[in-house]
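The values are calculated or read from the model by the stated rules, or taken from the named source; none is laboratory data. In this text the structure is predicted, and so the values were computed from the model without any measurement. Backbone-built Cβ (ideal geometry, glycine too); neighbour counts: all protein chains shown.
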Amino acid sequence: MPAIHITDIEAAINHWRTLKPSPDGVSLASETRALAEVYALMAWYQQDTADEQTMPRQAYAAWLAWYHTTPDTPCIAICSTSQGDDVCKGCGRTFEEVQKWPEMTPGAKRATWHRILLTADAWRFNRYAERAIESGSNREGTLPATDSPPQAGTA
């Protein structure tokens with residue numbers, strides 16, 4: 001059953017706090033309040049995930065609006081599952097996740113994102129991230145250039 005991780009609830013809360021800040025420092029926008037209630041219950045019951053199917057409608061709608069601002073797929077267009085790997089070296093998804101991605105629910109997709117971000121061993125997190133830093137690229141969607149001088153032999 002797809003579940004939404006507490007870090008996604010936090011990110012959605014922060015998204016709505018930025019979009020609709022409190023006018024008086026006390027009151028919350030309805031989206032923020034709905035998500036905060038889910039977050040508080042998760043903390044109280046020491047749960048790190050919320051069921052996508054049973055989340056209150058207003059909280060799920062607020063979470064879903066945040067979800068639509070995130071990248072849909074971790075794909076970097078180097079899919080080793082097409083070469084027979086069980087797990088893609090490029091993005092970290094399993095063969096089944098790659099095949100069923102279009103039909104997966106938002107919660108299932110975010111659960112996959114959460115797993116691959118925790119392991120961070122796919123090429124999207126190392127080889128290509130390092131290349132972006134080395135090239136000094138600072139475009140949207142790439143890592144920021146570092147302030148440190150280049151290492152000997154890399155310039």
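Restricting the first member to segment 1-20 and to residues that are part of a loop (DSSP other than H, G, I, E, B), and the second to residues that are of a type in the set (Val, Ile, Thr) and crowded, with 20+ Cβ neighbours inside 10 Å, the beta-carbon pairs closer than 7 Å and six or more apart or on different chains are LYS20/THR32. Within segment 76-110, being under 14 Å from the mean Cα position of the chain (by Cα) and under 14 Å from ASP121 (Cα atoms) holds for CYS91, GLY92, ARG93. Taken across segment 39-52, residues that are assigned to a loop (DSSP other than H, G, I, E, B), more than 16 Å from the chain's Cα centre (by Cα) and surrounded by 16 or more Cβ atoms within 10 Å (Cβ to Cβ) do not occur at all.
Only one entry of ALA65, ALA61 meets the criterion of being under 23 Å from ILE116 (Cα atoms) and within 19 Å of the chain's Cα centre (by Cα), and that entry is ALA65.
Matching residues to (1) part of a helix (DSSP H, G or I); (2) at pLDDT 95 or above:
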{"residue": "MET55", "(1), (2)": "no, yes"}
{"residue": "ALA65", "(1), (2)": "yes, yes"}
{"residue": "THR69", "(1), (2)": "no, yes"}
{"residue": "ALA77", "(1), (2)": "no, no"}
{"residue": "THR81", "(1), (2)": "yes, no"}
{"residue": "LYS89", "(1), (2)": "no, no"}
{"residue": "GLU97", "(1), (2)": "yes, yes"}
{"residue": "ALA108", "(1), (2)": "yes, yes"}
{"residue": "ALA129", "(1), (2)": "yes, no"}
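For segment 1-31, filtering for residues that are surrounded by fewer than 22 Cβ atoms within 10 Å (Cβ to Cβ) and within 19 Å of the chain's Cα centre (by Cα) leaves 13.
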